[in-house]
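Structure first, then comments.
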Amino acid sequence: MNYRDGFRRMEAAGHFRRRLADHGRQLAREGRVVRLMEVCGSHTMAIARYAIRDFLPAGIRLVSGPGCPVCVTDPGYLDAAIELADRGVIVSTFGDMVRVPGSRSTLAQARAEGGRVEVCYSPMSALELARNHPASEVVFLAVGFETTVAPVIAMLDAAVSQGIGNLSLLTAFKRIPPALAALISDPGIRIDGLLCPAHVSAIIGADAYLPFAETHGVACVVAGFEPLDILLGLDGLLQQYLSGKARVDNQYARVVKPGGNRQALALMDRYLLPGDASWRGLGTIPASALNLRPEFSRFDAGNRHGLILQPGRLNPGCLCGEILKGKLAPEECPLFGGACHPDRPLGPCMVSSEGNCAAAFRYGGKVGMASGVCA
Amino acid sequence: MKGRILLGHGGGGRLSHELVETEILPRFGAGPLQSLPDAATLTLGGRRFCFSTDSFVVQPLEFPGGNIGDLAVHGTVNDLAVAGSRPRFLSLALILEEGLPLATLGRILDAVKRGADACGVTIATGDTKVVRRGQCDGLYINTAGIGEVIEEFSLGFAGVIPGDAILVSGPIGDHGAAILAAREGFRIDRGPVSDSRPVHRLVEAIAPLAAGVRFMRDPTRGGVATVLNEMALGHHFGLRIRENDLPHSPGTRALAEMLGLDLLHVASEGCLLLLCARELADPILERWRTFPEGRQAQVIGEVTDQAGRVVLETAIGGLRLVDLPSGELLPRIC
Ligand code: SF4
């Protein structure tokens with residue numbers, strides 16, 4: 001970064017620091033505390049990485065939501081992936097999944113014992129793997145929210161049109177809006193504002209949040225991931241909250257359209273159908289999964305390899321579930337930093353680079369300090 | 001230790017440290033290896049010299065900015081240089097896989113030769129082994145090296161005081177980013193290029209100022225974050241760096257942002273990180289900037305009195321800890 005750039009960024013950040021402090025004083029005068037939730041793991045990480053909680057006065061609480069896809073994936077899913085690797089299938093996955101504990105083991109252990117687990121940064125690598133190993137079966141671990149679903153389905157579409165026959169998906173796709181609806185209607189949880197992720201919103205559209213603002217009076221701002229975007233987003237949420245008028249503010253209108261990315265949605269719709277999903281910590285949420293349509297079942301790894309997905313066994317001491325709901329801060333887990341740390345993770349929140357516990361551990365306990373969305 | 005070796009054990013982060021502490025140090029930690037230097041300073045017949053070794057398993061063998069051959073020279077030359085020595089002799093051991101094209105080997109050996117000539121080191125001894133197809137991935141190289149101690153340097157943490165300056169000689173993370181981009185086949189316009197290059201001239205150039213230089217290291221595996229933590233851990237001081245002052249290349253930055261990598265965790269192979277008395281910062285920068293490899297040198301932070309703590313002032317002025325990377329950020333990077 002050149003110096004002048006950095007200088008301007010610092011100046012703008014200073015401006016937001018003062019604005020947030022003003023909001024904090026108003027909240028203090030009115031004796032109120034506002035509870036904001038960042039929905040998505042990319043925001044969680046950026047907030048930790050840029051130390052954005054440093055900017056928040058006492059009356060503004062920022063809690064992390066369930067938006068880390070690895071964290072909400074059931075351990076039974078990992079068990080199935082490990083079984084595939086043990087059976088000699090080439091398992092292609094994003095790096096985060098490799099160390100997530102299943103019921104008994106991890107993909108990293110399966111690999112050390114001879115399993116073929118290939119880490120990739122883009123779903124297209126799985127297609128490449130399948131093409132280069134025509135005699136092997138390749139399974140891509142299709143875990144993620146709408147942002148990830150779109151490129152994975154684009155990859156599947158390419159596989160279909162190229163007639164690639166040895167590639168399938170083990171899907172655990174999840175949809176953000178049903179999870180938010182479940183959180184917001186939980187009487188044990190109070191959320192005054194949602195910092196909505198730009199990339200997910202670019203797919204689903206800003207209108208997806210309208211019910212939260214209109215029916216539940218929850219302030220919504222769609223914000224980007226640069227630190228200044230996040231500060232602007234928080235400022236926007238505070239303005240809505242203090243004015244008492246909740247709406248959906250789209251600060252990313254250049255990329256995020258009200259109706260989303262129609263082309264991507266159409267492609268997703270061609271291959272996928274909503275279904276119920278079990279979320280770690282949140283339980284079963286209706287219509288929150290995206291499963292392959294029956295006519296594409298040959299690309300469904302579960303089907304193709306005769307896997308029976310069973311609910312896995314969680315480490316009983318792990319409080320990920322409570323943390324994913326924003327009810328507890330990572331530091332409140334007795335295992336945090338002791339028995340559980342990023343190299344010996346007991347729960348997924350400590351593994352994923354977007355996990356709440358990992359963010360809190362890495363960046364010095366600033367993450368999640370302001371916890372407790374419980375009203 | 002139960003279990004098996006995981007890829008993460010080679011990542012240079014916390015798992016690697018644990019492996020060394022539980023398996024290596026209890027057996028070999030009584031001698032010069034105790035402080036785990038990248039190069040040992042030894043005395044033989046009254047003369048002091050530095051001795052170092054490094055193995056190279058990078059994949060792909062050839063990448064933007066270099067190949068495994070020049071990397072194998074620069075890696076050992078840099079380990080010797082940052083220990084305060086003048087690299088003189090290298091050994092070269094090759095493990096070749098059956099089927100490796102001779103043309104590839106030729107290009108790699110040419111790079112070894114060019115690298116050695118540019119660094120003024122002599123390849124003094126070597127070895128070649130061939131293994132069956134599938135038993136190694138193309139080619140592995142080990143180099144060991146000997147350097148003459150530059151007597152002006154007296155490196156050590158005892159004299160470190162708050163206010164001392166932290167300098168880097170160039171953009172960080174270029175090597176790791178280039179390897180990652182090459183391996184994953186990302187086609188990025190003006191994407192990352194490895195900084196595989198020697199830093200010995202930068203060391204030599206500051207010999208006249210050596211009395212105020214406390215510590216030098218090249219931030220390879222595990223990146224700047226790992227070196228900073230190793231410096232502060234268990235010592236009487238802490239470190240504070242500023243994100244806005246970290247030099248970086250645009251292509252590397254673009255890739256890191258795309259993948260959510262922390263540049264502080266990504267390896268360099270031609271970068272020098274240095275701790276010195278505050279008043280030496282400017283004279284050192286001045287000397288470094290006369291070399292192409294030091295043109296973007298910067299002061300990135302300073303020593304604090306908060307023992308063991310490494311903190312970063314973020315791009316927007318927040319303050320956070322700088323942690324070690326965990327697990328397999330990037331296996332087989334060098
Ligand atoms: S610290 Fe570890 S055990 Fe505790 S909630 Fe987080 S991931 Fe689970």
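The values are calculated or read from the model by the stated rules, or taken from the named source; none is laboratory data. The shown structure was predicted, so the numbers you read here are calculated from the model rather than taken from an experiment. FYI the Cβ positions are ideal-geometry reconstructions off the backbone, even for glycines, and counts take in every protein chain you see.
Annotations
- Put simply, of B:ALA254, B:ALA297 the only residue that is more than 10 Å from chain A (Cβ to nearest Cβ), buried (at least 18 other Cβ atoms within 10 Å of the Cβ), small (Gly, Ala, Ser) and within 23 Å of B:GLU204 (Cα to Cα) is B:ALA297.
- So B:ALA181, is it more than 14 Å from chain A (Cβ to nearest Cβ) and of a type outside the set (S, T, N, Q): no
- Criterion: within 21 Å of the chain's Cα centre (by Cα) and at pLDDT below 95 - qualifying residue of B:GLY145, B:GLY156, B:GLY115, B:GLY120: B:GLY156
- Listing of strands (runs of 3 or more DSSP E) fully contained in the stretch A:25-128 that carry 1 or more residues being facing chain B (nearest Cβ under 9 Å) and among the acidic types (Asp, Glu): none
- Conditions (1) modelled with pLDDT of 95 or more; (2) surrounded by fewer than 17 Cβ atoms within 10 Å (Cβ to Cβ); (3) within 14 Å of chain A (Cβ to nearest Cβ): number failed by B:GLU279: (3)
- Test: residue in the stretch A:80-89 that is touching a helix residue (DSSP H, G or I) at 6+ places or on another chain (Cβ under 9 Å), without any contact (Cβ under 8 Å) to a residue 12 or more places away in the chain and more than 30 Å from B:ILE316 (Cβ to Cβ): no
- Residue within the stretch B:149-171 that is closer than 21 Å to B:PHE89 by Cβ and assigned to a strand (DSSP E or B) present: yes
- Test: residue in the stretch B:124-135 that is free of Cβ contacts under 8 Å to residues at least 24 places away in the same chain and outside the structural domain of B:GLY308 (by TED's automatic domain parsing): no
- The set of residues from the stretch B:56-87 being in a strand (DSSP E or B) and over 15 Å from B:ALA40 (Cα atoms) comprises B:PHE56, B:GLU62, B:PHE63, B:GLY66, B:ASN67.
- The stretch A:19-75, residues that are more than 22 Å from the chain's Cα centre (by Cα) and closer than 22 Å to A:ARG362 by Cα: A:ASP54, A:PHE55, A:LEU56
- If you go through the stretch A:295-336 and pick out every residue that is closer than 23 Å to A:PRO187 by Cα and touching a residue at least 40 places away in the same chain (Cβ under 8 Å), you end up with 10.
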